[in-house]
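A short reminder: the numbers here are calculations on the coordinates, not readings from a lab. The structure presented is a predicted model; accordingly, all values stated were derived computationally and were not measured. As a convention, Cβ positions derive from the backbone with ideal geometry for all residues, glycine included, and neighbour counts pool all protein chains shown.
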Amino acid sequence: MDTSIRLGRIAGIEVGVNWSWFAIFALLVWTLSEGVFPDQNPGLSEGAYLGMAVVATVCFFTSLLAHELGHAIVARREGMQIEGITLWLFGGVAKFRGGFPSAGAEFRIAIAGPLVSLAIGVTLILVALAHLPEQVDGVVSWLGYINLFLLAFNMLPALPLDGGRVLRSALWRWQRDYARATRLAANVGRGFGFLFIAAGIFLLIFEGEFSGAWLAFIGWFLLQAAGSEARYALTRQALAGVRVRDLMSRDPATVEGRATLGAFMDGVAWSRRFTTYPVVDDGRVLGLLAFRGVAEVPRGEWDVRTVESCMIPRERVPVVHEDDEAEAALGKLMESGVHRAFVLDGERLVGLLSITDVLRALDVAAPRRPRAA
């Protein structure tokens, strides 16, 4: 889940929000102010309900952030790299780089978030037992019970929910096979997905409950996410032990940033026909020239436009190293959108890695079905 707006860092972990978060924030404020709080706390003004809704929504997402921080902090203690936390349509997600180092580590990371939610929910419900002003009591009570409700839902044994990760860690430890454990846990996740979709359609059609549409949407999300987890496990299995050095193109054709596009076409492009070329200046990498970027420039400007003016800046191109795992490099290639990465040794360019190189390796490693006789 991509971050649209970066909010800052907490405990050294970058936090941001995806654009979809704004939609669910507004929907939740509307639902609380128009339905939940007027039913639970009748007799208050519309302004009071709106204020309660905004405060409750902000605190709700704060609790979700605390949940994800629980995952992230434990993951960092387990030696994993944390790319950040993103709040989005379905709450929050902590993004890790690479796979879990062991079944025990995955269990500890998976259970950390629910334990945070449990502590928040129980604490708020106990606070609500005190004699608080009606508006405060309404917000605190709702926050306590919603945290416990989401905890119960999140502990369903279905990937990618935390309960599904706990299940996978147990299967992984039992069977000593991460890929098989993922397939089994993903199948359970798909089962819950189909169940939620069927229940949602039933509620929507036969009971006239609009909440059925939301339930069906959650089921669809579980189906898609479980499939992604299964594909990731296959990718991890296929690329196990493979390093960037095994896949990269060594000593790629380069072009000087000061050269004109005309000189590039006459001296490089016609003899070395690639789709992208690293741009250098005295051996220092400046960026990446995509052939399509040259094609977009009118031919009459080739003798005055420089390569540097048309290149993709280095800041937008991921950097990997020869000893990096191919799986981690694939993640960088997918996230960048450029689908190319510089392979550097210090500041020296030693190769170029494309997403095609990695996908070709996956295709070679994929098991082949026997042909029918």
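With a simple spin-label model that places each label point 7 Å from the Cα along the Cα-to-Cβ direction, the separation between residue 251 and residue 20 comes to 4.7 nm. Computed as a quarter of the hull surface, the mean projected area of the alpha carbon convex hull for the range 1-62 stands at 4.9 nm². Exposed loop sites here are GluC sites (Glu not before Pro) assigned a DSSP state other than H, G, I, E or B and surrounded by at most 14 other beta carbons within 10 Å; excluding them, the longest clear run of the chain is 1-206. Running Debye on the range 252-351 with equal point scatterers at the Cα sites and no solvent, what base-10 log of I(q)/I(0) appears at q = 0.12 Å⁻¹? Taken in order of the listed q values, log10 I(q)/I(0) reads -0.39. Amide H contacts for residue 10 (H built 1.01 Å from N in the peptide plane; partners 5 or more residues away or on another chain; cut-off under 5 Å): 15.
Give me the dipole magnitude in Debye, nearest 20, for the range 105-255 about the Cα centre, with unit charges on the beta carbon: positive for Lys and Arg, negative for Asp and Glu.
Dipole size: approximately 1020 debye.
Between the helical axis of 326-336 and the longest alpha-carbon principal axis of the chain there is an angle of about 80 degrees.
Answer with a single label: of (1) 47, 27, 20; (2) 32, 26, 21; (3) 36, 26, 19, which was calculated as semi-axes √(5λ) of the Cα gyration tensor in Å from the structure in view? The value matching this structure is (1). What you get for the chain, charging only the Cβ of Lys and Arg (+1) and of Asp and Glu (-1), is a dipole of about 1460 debye around the Cα centre. Over the chain, Cα pairs under 8 Å with separation of 6+ residues give a relative contact order of 10 percent. Under a 5 Å amide H cut-off, with hydrogens placed 1.01 Å from N, residue 256 pairs with 280 among residues at least 5 apart or on other chains. Using all pairs of distinct alpha-carbon atoms, the Kirkwood hydrodynamic radius of the range 8-151 works out to 16.3 angstrom. Across the range 164-307, Cα pairs under 8 Å and at least six residues apart give a relative contact order of 17 percent.
Among 92, 193, 35, the residue with the largest mean-square fluctuation in a Gaussian network model of the chain, with springs joining Cα atoms closer than 10 Å, is 35.
In this structure, residue 224 and residue 97 have a Cβ-Cβ separation that, at R0 = 22 Å, corresponds to a calculated FRET efficiency of about 0.50. Positive end of the dipole of the range 139-258 (Cβ unit charges, origin at the Cα centre): among 157, 204, 249, the Cα lying farthest that way belongs to 249. Each residue of the range 67-74 was assigned a 3J(HN,Hα) from its phi angle through the Karplus expression (A = 6.51, B = -1.76, C = 1.60, θ = phi - 60°), giving 4, 5, 5, x, 4, 5, 5, 5 Hz with x at Gly and Pro. The C-alpha atoms of the chain define a longest principal axis, and helix 103-128 lies at about 40 degrees to it. Applying a DSSP loop filter and a limit of 11 other Cβ atoms within 10 Å to the chymotrypsin sites (Phe, Trp or Tyr not before Pro) in the range 7-44 leaves nothing.
What separates the Cα centres of the range 163-236 and the range 260-322 is a distance of 45 Å. Relative to the longest principal axis of the chain, what angle (0 to 90°, nearest 10) does the C-alpha long axis of helix 355-365 take? That works out to roughly 80 degrees.
Report the calculated FRET efficiency for residue 297 and residue 6 (r = Cβ-Cβ distance, R0 = 30 Å), to the nearest 0.05.
About 0.35, to the nearest 0.05.
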